[in-house]
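Only one structure is covered here, and it is reproduced in the block below.
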Amino acid sequence: MKRLICILFFLIVPPLLNAQGFDWQYSSRLPAEQPDIFVGIGVSYGLDEHYGSFSFFEDYFCGKYENGNGNGIAIDLNIEKWIGENTAIFIEAGWRKLTADFISRQVYEMIDEPLITEYAYNSSISVVRINPGIRYRLFDSKLSVGAILGIEYFISESSDFSEKVISPDWYHFDTDPPSQERVLTAGRLKGFSSIIVNPALQLAYGLNLGRGKYATPYFRAEFPINSFISGEDWRRYSLTFGISVKFGL
């Protein structure tokens, strides 16, 4: 009976102890408790592509923006729970700052030749985000795949609007002094959505930092569910690179 209990112990307990993929028990004479709950902090940087069709205004309708680009930085606190040998659930909560740059070319018919101008929109957006997710270790290795439901809450946006003459060369705006560029002090968009949902797929790798702690560099691809702009279409696709450092409880 004792032999059967010992066999079951060694079959069942080691996978639970090494659920993260790290064997922190350096010697059977120096037993170490293997945590299955971790807390940590993470940072990330993202390259963003923006697509859509949304209106911009001065004192009147000026046109629509369609394609743009930008980047994002984020800092998060996280907690992770291992629920099996290869599976962990986690949640991240933190702040993210996004930039977005758009250009829209407009053509206005004049008597001699058309007036062509470009409207530029440069934006900085702050959001608070909550990311619940799950990840699974592949082939008992340190490599894992995961899925995240990214939920972002809009906080604030600051922006600059400008217009520049492309042609003809002789045309100038009625500024003081006359110029081929002007700032749109009354430039605006429609209202922003209060919640943005961005699911993501993740590829990560675990790096041992010593007993009870490890780091996870990761790569994520984010896909938007809804628009940044209320009633119009503005969606962000992001490739994000980050790292999270976790400490066992």
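Out of everything in region 82-94 that is exposed (fewer than 15 other Cβ atoms within 10 Å of the Cβ) and not β-branched (Val, Ile, Thr), what residue ends up being modelled with the lowest pLDDT?
GLY84
If ASN67 passes every condition in (1) without any contact (Cβ under 8 Å) to a residue 40 or more places away in the chain; (2) surrounded by 15 or more Cβ atoms within 10 Å (Cβ to Cβ) but one, which one does it miss?
Unmet for ASN67, out of (1) without any contact (Cβ under 8 Å) to a residue 40 or more places away in the chain; (2) surrounded by 15 or more Cβ atoms within 10 Å (Cβ to Cβ): (2).
Report yes if some residue within region 160-182 is within 30 Å of the chain's Cα centre (by Cα), modelled with pLDDT of 90 or more and either basic (Lys, Arg) or loosely packed, with under 13 Cβ neighbours inside 10 Å (or both); otherwise report no.
No - not one qualifying residue is present in region 160-182.
Evaluate the following for LYS246: is it part of a strand (DSSP E or B), modelled with pLDDT of 90 or more, basic (Lys, Arg) and more than 21 Å from GLU58 (Cβ to Cβ)?
So LYS246 fits the description; yes.
Which of the residues spanning region 169-186 are touching a strand residue (DSSP E or B) at 6+ places or on another chain (Cβ under 7 Å) and either of a type in the set (S, T, N, Q) or outside any strand (DSSP E or B) (or both)? Before you say what the answer is, go through the steps one by one.
Taking region 169-186 as the starting set, the residues that turn out to be touching a strand residue (DSSP E or B) at 6+ places or on another chain (Cβ under 7 Å) are 171-173, 175, 179-184.
Hits for region 169-186 are TYR171, HIS172, THR175, SER179, GLN180, LEU184.
Restricting the search to region 214-249, which residues are free of Cβ contacts under 8 Å to residues at least 24 places away in the same chain and over 28 Å from LEU138 (Cα atoms)?
Within region 214-249, no residue meets the criteria.
In this structure, does GLU113 turn out to be more than 18 Å from the chain's Cα centre (by Cα), of a type in the set (Asp, Glu) and assigned to a strand (DSSP E or B)? Please lay out each step first, then the result.
Working: more than 18 Å from the chain's Cα centre (by Cα): yes; of a type in the set (Asp, Glu): yes; assigned to a strand (DSSP E or B): no.
In short, no.
Being surrounded by 22 or more Cβ atoms within 10 Å (Cβ to Cβ) and among the hydrophobic types (A, V, I, L, M, F, W, C) is the filter here, so list the residues in region 233-249 that pass it.
TRP234
One line per residue, one yes/no per condition, for (1) within 26 Å of PHE56 (Cβ to Cβ); (2) aliphatic (A, V, I, L, M); (3) not in a loop (DSSP other than H, G, I, E, B):
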site	(1), (2), (3)
VAL165	yes, yes, yes
VAL197	yes, yes, yes
GLN202	no, no, yes
ALA215	no, yes, yes
TYR218	no, no, yes
PRO224	yes, no, no
PHE241	no, no, yes
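For the structure I just gave you, tell me whether ARG211 is touching a residue at least 60 places away in the same chain (Cβ under 8 Å), assigned to a strand (DSSP E or B), at negative phi and of a type in the set (D, E, K, R).
Considered against the rule, which asks whether it is touching a residue at least 60 places away in the same chain (Cβ under 8 Å), assigned to a strand (DSSP E or B), at negative phi and of a type in the set (D, E, K, R), ARG211 comes out as no.
Between TYR205, TYR119, TYR153, which is of a type in the set (Ser, Thr, Tyr) and without any contact (Cβ under 8 Å) to a residue 60 or more places away in the chain?
None of the others qualify; the one that does is TYR153.
The values are calculated or read from the model by the stated rules, or taken from the named source; none is laboratory data. None of these values were measured; they are calculated from a predicted model. Note that each Cβ is placed from the backbone with ideal geometry, even for glycine, and that neighbours are counted across all protein chains shown.
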